[in-house]
Amino acid sequence: MKTVSIDVRRAEPTDARAISLAHRLSWQHTYGGLIPHKALTQMLERRGEDWWRKATRGPATLLVADVAGTVAGYATLGLNRARALPQEGEIYELYLRPEYQGIGLGRLLFGECRRLLKSLGCNGLVVWCLEDSEQAERFFRHQGGVDIAEGMEDFGDRSLRKIGYVWA
Ligand SMILES: CC(C)(COP(=O)(O)OP(=O)(O)OC[C@H]1O[C@@H](n2cnc3c(N)ncnc32)[C@H](O)[C@@H]1OP(=O)(O)O)[C@@H](O)C(=O)NCCC(=O)NCCS
């Protein structure tokens, strides 16, 4: 029987290319048809390998889900950016490659983000996701998040509603 190793760990500069691929594949899959094509392409082009290499050096903490040496997804976290909300921590992004979704890795990555924020002394956390992103919405509810905030974000000529989920 083969054992597959699954590890959630801090990203290293050498992970940059693999994270950039995971980012592109996940965002195309999640936002294609939701965010206008031109805006999405620009967002993806801005974040190449070099961008991710710099991201491994902060200021946000960058974690990867490593499945047998492949970066299956990533998460970024740090201090909450929305001053109107009392929660001190924030998960900025949580994305898995499409073929690695639905097998428990999101829960693993999310759990590690929560633990890390708590160990850094953060009281509560918030995650924002687009209202039309049903998969994310169901996932965050399932993890116990409560939708208490909303806002708008512009993507090219389209404005999309986003929902803020919080954990006490
Ligand atoms: C959202 C996402 C991170 C969830 O990760 P995942 O690995 O697919 O989810 P998991 O397999 O860990 O599921 C965890 C739990 O949530 C439930 N769940 C996950 N997706 C669900 C869905 N679409 N509908 C209902 N339940 C869902 C699972 O049943 C599981 O339940 P359990 O804890 O009782 O076993 C992942 O699907 C993803 O990367 N999606 C695209 C990107 C995205 O939308 N990111 C969020 C924006 S920040």
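What residue, among those in region 121-156 that are touching a helix residue (DSSP H, G or I) at 6+ places or on another chain (Cβ under 8 Å), farther than 13 Å from Gly106 by Cβ and of a type outside the set (Gly, Ala, Ser), is nearest to the ligand (Cβ to nearest atom)? Step by step, filter region 121-156, then rank; the result is Leu130. In the condition set (1) part of a loop (DSSP other than H, G, I, E, B); (2) surrounded by 13 or more Cβ atoms within 10 Å (Cβ to Cβ); (3) more than 8 Å from the ligand (Cβ to nearest atom), Arg83 is compliant with all but (2). Scanning region 53-80 for residues being surrounded by fewer than 18 Cβ atoms within 10 Å (Cβ to Cβ) and either near the ligand (Cβ under 7 Å from one of its atoms) or among the acidic types (Asp, Glu) (or both) gives a total of 0. Look at (1) under 25 Å from Val146 (Cα atoms); (2) assigned to a helix (DSSP H, G or I); (3) of a type in the set (Val, Ile, Thr) and you find that Thr41 fails only one, number (1). Name every residue in region 137-151 that is under 20 Å from Ala82 (Cα atoms) and buried (at least 18 other Cβ atoms within 10 Å of the Cβ), in order of residue number. Passing the criteria: Phe140, Gly145.
Annotation: of all residues in region 87-107 being assigned to a helix (DSSP H, G or I) and either among the charged types (D, E, K, R) or surrounded by fewer than 16 Cβ atoms within 10 Å (Cβ to Cβ) (or both), the one that is farthest from the ligand (Cβ to nearest atom) is Glu99.
Since every read-out is calculated from the coordinates, none of them should be taken as a lab result. The structure displayed is predicted, hence computed values, not measured ones. Cβ: placed from backbone, ideal geometry, glycine included. Neighbour counts: every protein chain shown.
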